[in-house]
1. For residues that are more than 16 Å from T7 (Cβ to Cβ) and among the β-branched types (V, I, T), scanning just region 110-136, find the one that is surrounded by the fewest Cβ atoms within 10 Å (Cβ to Cβ).
2. For residues in region 98-131 being touching a helix residue (DSSP H, G or I) at 6+ places or on another chain (Cβ under 8 Å) and outside any helix (DSSP H, G or I), which is nearest to I77 (Cα to Cα)?
3. Take region 54-94 and flag every residue that is closer than 13 Å to T7 by Cβ and part of a loop (DSSP other than H, G, I, E, B).
4. Which one is farthest from R68 (Cα to Cα), of the residues in region 1-24 that are within 17 Å of the chain's Cα centre (by Cα) and at pLDDT below 75?
5. I'd like to check something: does region 25-44 contain any residue that is surrounded by fewer than 17 Cβ atoms within 10 Å (Cβ to Cβ), at pLDDT below 90 and touching a strand residue (DSSP E or B) at 6+ places or on another chain (Cβ under 8 Å)?
6. What are the residue pairs meeting all of these: first residue in region 79-105, first residue farther than 12 Å from I146 by Cβ, second residue part of a loop (DSSP other than H, G, I, E, B), Cβ atoms under 6 Å, and 6 or more apart or on different chains?
7. Please state which of the following conditions E153 fails to meet, knowing it meets all the rest: (1) among the charged types (D, E, K, R); (2) closer than 19 Å to L19 by Cα; (3) exposed (fewer than 15 other Cβ atoms within 10 Å of the Cβ).
Amino acid sequence: MRGSRRTGRELALKVIYSLPDQEVEIDEILDDFWQNFRFRDDILGEPLEDFDGPVPADLRRFAEELVRGVVDHLEEIDHTLNDLSTNWALERMARVDLALLRMSAFELMHRPDIPASVVINEAIEIGKRYGTKETPPFINGILDKIAKSCRPEIR
């Protein structure tokens, strides 16, 4: 069974993936997400119409923290991704890869309490689930550069 942090990251990824390109009212988007989708910790983690169980508060809080962090720091995150993703403009990246990179970059840049190795490993595993076969090495390469640039203990 996946841990609650992994599930929280997957939920956050789904919200980040769905964000429009223009500025958004994040509270409305999160409210809409939680009201209209129900998830169960099944093998697919997909929305289930007949599931009435609430999302645990700690899981929801963590997912929202990630989403809000990406939205609040999007300009800085995208600037960093542009600088470190040589030969890949953000517009050319697969949408799920970009959402995963944004979320993980936020964690690396603004959540020093979460070890860089955990952030990168989680991103790789989530990338295997939602991306293509190219996603894990692509994500790993960029996130490793971000970790080395923003966490002095990693060289």
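1. T132
2. Residue satisfying both the conditions and the ranking: R111.
3. Across region 54-94, the qualifying residues are V55, P56.
4. R2
5. yes
6. Listed by first residue and then by second, the contacts come to V96/G131; D97/G131.
7. Among (1) among the charged types (D, E, K, R); (2) closer than 19 Å to L19 by Cα; (3) exposed (fewer than 15 other Cβ atoms within 10 Å of the Cβ), E153 violates only (2).
Matching residues to (1) within 25 Å of E153 (Cβ to Cβ); (2) not aromatic (F, W, Y):
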{"position": "E64", "(1), (2)": "no, yes"}
{"position": "V70", "(1), (2)": "yes, yes"}
{"position": "T80", "(1), (2)": "yes, yes"}
{"position": "A94", "(1), (2)": "no, yes"}
{"position": "D97", "(1), (2)": "no, yes"}
{"position": "R102", "(1), (2)": "yes, yes"}
{"position": "F106", "(1), (2)": "yes, no"}
{"position": "P115", "(1), (2)": "yes, yes"}
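The values are calculated or read from the model by the stated rules, or taken from the named source; none is laboratory data. The structure presented is a predicted model; accordingly, all values stated were derived computationally and were not measured. Quick reminder, even Gly has a Cβ in these numbers, built from the backbone with ideal geometry, and neighbours come from all protein chains shown.
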